[in-house]
Amino acid sequence: MAIRRIAVIPGDGIGKEVVPAGIGVLDAAAAAFDLDLEYEYFDYASADYYVEHGKMLPDGWFEELRPFDAIYFGAVGWPEVVPDHISLWGSLLQFRRHFDQYVNLRPIRLMPGVTSPLAGREVGDIDFYVVRENTEGEYTDLGGRMFAGTERETVIQETVMSRIGVDRILKYAFELAETRPKRHLTSATKSNGISISMPYWDERVAAMASHHPTVDVDSYHIDILTANFVLHPDWFDVVVASNLFGDILSDLGPAIAGTIGIAPSGNINPEGLFPSLFEPVHGSAPGIAGKNVANPIGQIWSGSMMLDHLGEPEAARTVLTAVENVLARGGAALTADMGGTSGTDELGRIIADEVTAIA
Ligand code: NAI
Ligand code: MG
């Protein structure tokens, strides 16, 4: 069995608590499936590192992290000490950009024992992926401000859609749809209002669809699409979107599926030229940090996504089933945000034991 080298970056706040819980579950999966996971811990991408060094990352971070097979990331941000734009741009966003993690992947699934804020929705009603383009689109630094401070003040910020950039995210999404029973892909567009870049997006969707004839494709303008996430979440299977639209959908998705404490994500370079990064959707939650009350499931589920990415689908599936089983049993075993009494570490151990029991 090949050694998988994983860079572990806990970051700030509850990242330092949920990461150890996640590692405990990965260890249980490694033991059960005879995987060789080798961890190396890094203390950068944190407020403590910033206070000591005046920056979020050391100069050599790129070369240091590049050889790893994946990055297992907690959360970054401690606004009392470092302004959020510095901590995020100085660390996580550097990883996403320089490691060309052009896919932001978020599974949206209503889990057993979790109540959706949408009335009457049950397990099975909400089960889809949001695939967000993570490197170009509406988020660029192309543009500028003219005549600043005068009444002619004018600002322009450009959207960039390259054929390579659009096609690679669409290809990933179509191929993901092909692995799913429904084989259904929804494209988020706005070609009625954004009259140059979004018709181009639609054109590339049509071109990619012609290469994936078994995938059933539809398309909604982003405004009605957000409404349909709330009204008809059962309509969706794989939803692909540009950077801005995907940003919105990938927060709305976890919100309709219940608590933020359990939502996972992947920032993926599918070709494996650079390490991909797996992290919970939530942040460092300063208000509850250090109290051993944070829900570790978002971190644990992110570990399942990482195992899948590393080519271990069986181990990945087992971790997810363990999470589902523990959630379904409910009760005191869960953390306080889900009505239980377990600490972060305790719930981590319960899920790790479940992995061992069912593997
Ligand atoms: P947050 O996700 O840290 O917290 C939002 C709310 O959810 C809080 O009430 C928090 O207590 C609760 N919460 C979050 N995770 C939880 C968990 N695992 N268990 C139980 N409750 C949980 O978002 P917020 O407050 O906007 O940001 C706090 C810091 O985190 C900021 O510095 C922000 O920049 C950073 N952040 C970092 C992210 C990352 O590293 N990817 C993502 C989002 C925010
Ligand atoms: Mg967001």
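Read-outs throughout are calculated quantities, based only on the coordinates presented, and are distinct from any laboratory measurement. Here the structure is a predicted model, which means the values were calculated and not measured. Here the Cβ is made from the backbone with ideal geometry for all residues, glycine too, and neighbour counts use every protein chain on show.
Write out the trypsin sites (Lys or Arg not before Pro) in the range 77-171 meeting two conditions: DSSP loop, and at most 11 other Cβ atoms within 10 Å of their Cβ.
Working: sites: 96, 97, 109, 121, 132, 145, 152, 163, 168, 171; in loops: 121, 152.
Hits after loop and neighbour filter: 152.
A simple count of charges around residue 51, restricted to other residues whose Cβ falls under 13 Å of its Cβ and scoring Lys, Arg +1 and Asp, Glu -1, yields -4. For the range 213-226, backbone phi angles converted through the Karplus equation (6.51, -1.76, 1.60; θ = phi - 60°) give residue-by-residue couplings of x, 8, 8, 8, 10, 9, 8, 10, 5, 4, 5, 6, 5, 4 Hz, Gly and Pro being listed as x. Here the spin labels are modelled as points 7 Å beyond Cα on the Cα-Cβ line, and at residue 345 and residue 230 they lie 4.2 nm apart.
Once you keep just the Cα pairs under 8 angstrom separated by 6 or more residues, what percentage relative contact order results for the chain? Let's see the in-between values first.
Details: 768 pairs, mean separation 87.2, N = 359.
About 24 percent, as a whole number.
Computed over the alpha-carbon pairs of the range 1-107, the distance histogram in 5 Å steps reads 2, 11, 20, 23, 20, 13, 6, 3, 1 percent, short to long. Each Lys or Arg adds one and each Asp or Glu takes one away; over the other residues whose Cβ falls under 14 Å from the Cβ of residue 2, this sums to -3.
The range 162-185 and the range 1-37 have their alpha-carbon centroids 29 Å apart. Among the chymotrypsin sites (Phe, Trp or Tyr not before Pro) within the range 138-184, those in coil by DSSP and having at most 13 neighbouring Cβ atoms inside 10 Å are 147. Computed per residue of the chain from DSSP H runs no shorter than four, each worth -39500 (n - 2.57), the mean residue ellipticity at 222 nm is -12000 deg cm²/dmol.
One decimal place: the segment residue 357-residue 64 gains 101.8 nm when fully extended, by the rule 0.36 nm per residue minus the C-alpha distance. Exposed loop sites here mean GluC sites (Glu not before Pro) with a DSSP loop assignment and at most 16 other beta-carbon atoms within 10 Å; the chain contains its longest site-free run at 159-270. Convex hull of alpha carbon positions in the range 143-252: directionally averaged projected area 8.4 nm². Charge tally around residue 225: other residues with Cβ under 11 Å, Lys/Arg +1 each, Asp/Glu -1 each, net -1. For the chain, the tally of Lys pairs with Cα-Cα distances below 22 Å comes to 4, considering only residues 8 or more apart or on different chains. The GNM of the chain, with springs linking C-alpha atoms under 10 angstrom apart, assigns the highest mean-square fluctuation among 14, 224, 23 to 224. Projecting label points 7 angstrom from Cα along Cα→Cβ for residue 332 and residue 179 puts them 3.9 nm apart.
Kirkwood hydrodynamic radius of the chain, from the reciprocal of the average inverse Cα-Cα distance over all distinct pairs: 21.2 Å. For the range 17-155, the relative contact order comes to 15 percent (Cα pairs under 8 Å, sequence separation of at least 6).
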